Amino acid sequence: MTDLKKYTVAASGKMRKVAYDKLNSDVNLLAWQHSGRMPAEQFDEWLSKADALYSAANIKIDENLLNKAPRLKVIAQAAVGYDNIDVAACTARGIVVGHTPGVLDDAVADLAYGLIIDSARHLVRGSEHVHSGRWGEHKGLGLGCDLARKTLGIIGMGNIGSAIVPRARASKMRIIYHNRHRRADDGKLGAEYAGFEVLLEQADFIVITATLNPSTKGMFDAEAFKRMKKTAAIINVGRGAIVDTDALYDALATGEIAYAAFDVTDPEPLPGDHKLLTLDNITVTPHMASATVETRDAMALLTVENILAGLMDLPLPVQVPDQWVNA
Ligand code: DGY
């Protein structure tokens, strides 16, 4: 039985209580438990001693950070996305990297579906209208549109995209999707494969669930927005940088597309005085798609399992796909 107490685990940010309690009892845990931001020097000092890093996905994990953490053997991030981590640099140092796919699919799909409905029915605008005290005034909000019989285009038909399908089917939508490769099971899933340009031209609603990588970065540029229907809406729960923010602003401001509902943005956080927020045809939520008690607890516990396995030189329950397998 490995004596785990000899290992030090540093946490980059606030941890769910379930994760804190478990790690605190098993290992030497260094986690900021006070209010306010953890001082950078404090984190650097913890990194110098850490055998494992619990990443709350709030930091860039690059050569600069790795140089401060010479003992690290495992990094576990409480998120499915890991575009903030230089995986190649970790691999070169023999550091195994874990993440948390699978446990957040329903929560993210729920928020994506909510944003699709908001794009069609202007829930946020409606609430703002009432809050402004103008309910009953002649100028209303204008009419929304039905989801039934509209086409939903999903960019990135992975676990989250697949979880959106039954929700959209409940609204009687037709579903098309685009991936680098067509899925063999798409008939069973109830979605038709489409080339990127065909999807842009046919979809009434486009939802992005893809991961950020060199082939998806800036995928939605001015050219892509020009190909979309003028009545179309775009929803992003993937990563902000998949969309060119200036091109999005222009497309919304000039009526090239009708609406956007984004949970992720570039930059992130989006400053309160950002030009996107001057538009009245966009909803922005603060990267909260996985932010439910159940899901965040499940993500935190999977992160702990990844850390403990890595410390014991066991295969991680979920290692990032583009790394050797730690077996
Ligand atoms: C993740 O875990 O990467 C997602 O962004 C959660 O919303």
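The values are calculated or read from the model by the stated rules, or taken from the named source; none is laboratory data. Fair warning: this is a prediction, and the values are worked out from it, not measured in the lab. With ideal geometry, Cβ positions are generated from the backbone for all residues, glycine too; neighbour counts draw on all protein chains shown. Calculation scope for accessible area: heavy atoms of the full protein, side chains included, ligands and nucleic acids excluded. Shrake-Rupley method; radii C 1.70, N 1.55, O 1.52, S 1.80 Å.
Once the range 273-285 is narrowed to residues that are farther than 17 Å from Asp110 by Cα and buried (at least 16 other Cβ atoms within 10 Å of the Cβ), the residue that is farthest from the ligand (Cβ to nearest atom) is Asn281. Residue under question is Ala168, and the condition is that it be out of contact with any strand residue (DSSP E or B) (no Cβ under 9 Å at 6 or more places or on another chain), of a type in the set (Gly, Ala, Ser), open to solvent by less than 60 Å² (accessible area, probe 1.4 Å) and in contact (Cβ under 8 Å) with a residue 40 or more places away in the chain; does it hold? For Ala168, the condition - out of contact with any strand residue (DSSP E or B) (no Cβ under 9 Å at 6 or more places or on another chain), of a type in the set (Gly, Ala, Ser), open to solvent by less than 60 Å² (accessible area, probe 1.4 Å) and in contact (Cβ under 8 Å) with a residue 40 or more places away in the chain - is not met.
Please count how many residues of the range 82-98 are touching a residue at least 40 places away in the same chain (Cβ under 8 Å) and open to solvent by 10 Å² or more (accessible area, probe 1.4 Å).
5
For the range 91-130, enumerate the residues that are more than 27 Å from Ala163 (Cβ to Cβ) and modelled with pLDDT of 95 or more.
As a first pass, look at the range 91-130 and keep what is more than 27 Å from Ala163 (Cβ to Cβ): 91-96, 128-130.
Hits for the range 91-130 are Thr91, Ala92, Arg93, Gly94, Ile95, Val96.
In the range 60-75, the residues that are more than 17 Å from Leu30 (Cα to Cα) and open to solvent by 10 Å² or more (accessible area, probe 1.4 Å) reach residues that are assigned to a strand (DSSP E or B) and not acidic (Asp, Glu) with C-beta atoms within less than 9 angstrom, at least six apart or across chains, in these pairs: Lys60/Ile85; Asp62/Ile85. Scanning the range 286-304 for residues that are more than 10 Å from the ligand (Cβ to nearest atom) and assigned to a loop (DSSP other than H, G, I, E, B), we see that the one that is farthest from the chain's Cα centre (by Cα) is Thr292.
For residues that are among the β-branched types (Val, Ile, Thr) and closer than 30 Å to Leu143 by Cβ, scanning just the range 210-239, find the one that is farthest from the ligand (Cβ to nearest atom). Step by step, filter the range 210-239, then rank; the result is Thr231.
Filter the range 101-150 down to the residues that are assigned to a loop (DSSP other than H, G, I, E, B) and within 14 Å of the ligand (Cβ to nearest atom), then identify the one that is least open to solvent (accessible area, probe 1.4 Å). Among residues in the range 101-150 that are assigned to a loop (DSSP other than H, G, I, E, B) and within 14 Å of the ligand (Cβ to nearest atom), the one least open to solvent (accessible area, probe 1.4 Å) is Leu104.
Sort out which residues of the range 30-59 are closer than 13 Å to Lys5 by Cα and open to solvent by 20 Å² or more (accessible area, probe 1.4 Å), and write them in order of number. Within the range 30-59, Leu30 is the sole residue that qualifies.
Taking the listed residues Ile242, Ile257, the one that is more than 19 Å from Ala107 (Cα to Cα), within 16 Å of the ligand (Cβ to nearest atom) and buried (at least 19 other Cβ atoms within 10 Å of the Cβ) is Ile242, with no other qualifying. For the residues Leu316, Leu248, the requirement of being away from the ligand (no atom under 16 Å from the Cβ) and more than 20 Å from the chain's Cα centre (by Cα) singles out Leu316.
For (1) under 28 Å from Ala260 (Cβ atoms); (2) of a type in the set (Gly, Ala, Ser), each residue gets a yes or a no:
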position	(1), (2)
Ala78	yes, yes
Ile95	no, no
Leu123	yes, no
Leu143	yes, no
Ala168	yes, yes
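When Gly98 is tested against the conditions (1) touching a strand residue (DSSP E or B) at 6+ places or on another chain (Cβ under 9 Å); (2) within 16 Å of the ligand (Cβ to nearest atom); (3) closer than 24 Å to Met173 by Cα, the lone failure is (3).
Looking only at residues that are more than 25 Å from Ile117 (Cα to Cα) and touching a residue at least 12 places away in the same chain (Cβ under 8 Å) in the range 197-215, which one is least open to solvent (accessible area, probe 1.4 Å)?
Restricting to residues being more than 25 Å from Ile117 (Cα to Cα) and touching a residue at least 12 places away in the same chain (Cβ under 8 Å), the top hit is Asn213.
Looking only at residues in the range 175-196 that are in contact with an Asp or Glu (Cβ under 8 Å, 6 or more places away or on another chain) and closer than 17 Å to Ala109 by Cα, which one is surrounded by the most Cβ atoms within 10 Å (Cβ to Cβ)? Checking each candidate, the answer is Tyr177. Would you check if Thr231 is in contact (Cβ under 8 Å) with a residue 24 or more places away in the chain and assigned to a loop (DSSP other than H, G, I, E, B)? Answer is yes for this residue. For the range 14-29, a residue qualifies if it is in contact with a strand residue (DSSP E or B) (Cβ under 8 Å, 6 or more places away or on another chain) and open to solvent by less than 60 Å² (accessible area, probe 1.4 Å), and the qualifying residues are Met15, Ala19, Tyr20, Leu23, Val27, Leu29.
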